[in-house]
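First the structure, in the form of structure tokens, and then the observations on it.
The values are calculated or read from the model by the stated rules, or taken from the named source; none is laboratory data. None of these values were measured; they are calculated from a predicted model. Glycine also receives a Cβ, built like all others from the backbone with ideal geometry; neighbour counts cover every protein chain displayed. Surface accessibility is based on the protein's heavy atoms, side chains included, excluding ligands, DNA and RNA. Shrake-Rupley method; radii C 1.70, N 1.55, O 1.52, S 1.80 Å.
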Amino acid sequence: MPKPPPALFLRSAFILTACAVLFIFMSLRSGSPRTAYATITGVITHIGPAFGTLPDRNPGKNRYIQLNGRLPVLEIFVGKDRGDFSPAFERIDALRTGDTITAYFDQKLDNSDPSVNRHVTFIDKGQDMYFEKGNAARPFLIGSAIFCGLAVAGLYILKALGRIR
């Protein structure tokens, strides 16, 4: 006797629901206020499009900022070409060596290279904002969550029609 096929409905509904919850969580996290981030305050000792032997992953589109002459170096993406995940607001090139800034970054994200922090979300100098990371991923995340929700609804319809078990 052949083995019965696995219950497509339960597995698919569980996976799609889990994905939708993950996408919603990531979307909400991407819109977090400044108070949700860790901060580092210091005096700029280096600012420029390159730093030491660090590879320039996006030639001309990154700025490297070193605070207090210590690591980690802050890597800021400032690309504004079509197709770039451009920052929402950026005046990094107005900063100078000797300026005191506060950088807000997501400490919970993986940082495989401890000498570079690529998760900077905001940069302030005094009360003035100089950088705010773009939020281009948020519409994609919301759209993905909606797609998963519609797929779960489609599964319920197929189950009610008897097309799947």
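Across segment 52-70, the qualifying residues are those that are outside any strand (DSSP E or B) and under 19 Å from PRO87 (Cβ atoms), and the one among them that is most open to solvent (accessible area, probe 1.4 Å) is ARG57. For MET26, the criteria (1) under 15 Å from the mean Cα position of the chain (by Cα); (2) at pLDDT 90 or above hold in every case but one, which is (2).
Within segment 96-117, being at pLDDT 85 or above and surrounded by fewer than 19 Cβ atoms within 10 Å (Cβ to Cβ) holds for ARG96, THR97, GLY98, ASP99, THR100, THR102, VAL116.
Taken over segment 22-45, the criterion of being of a type in the set (Ser, Thr, Tyr) and either in contact (Cβ under 8 Å) with a residue 60 or more places away in the chain or in a loop (DSSP other than H, G, I, E, B) (or both) is satisfied by SER27, SER30, SER32, TYR37, THR39, THR41. Among residues of segment 108-135 that are over 21 Å from VAL43 (Cβ atoms), those with a Cβ under 7 angstrom from a residue that is in a loop (DSSP other than H, G, I, E, B) and hydroxyl-bearing (Ser, Thr, Tyr), sequence gap 6+ or separate chain, pair up as GLY134/SER86. Of note, PHE9 does not satisfy the criterion of being touching a residue at least 60 places away in the same chain (Cβ under 8 Å) and within 19 Å of the chain's Cα centre (by Cα).
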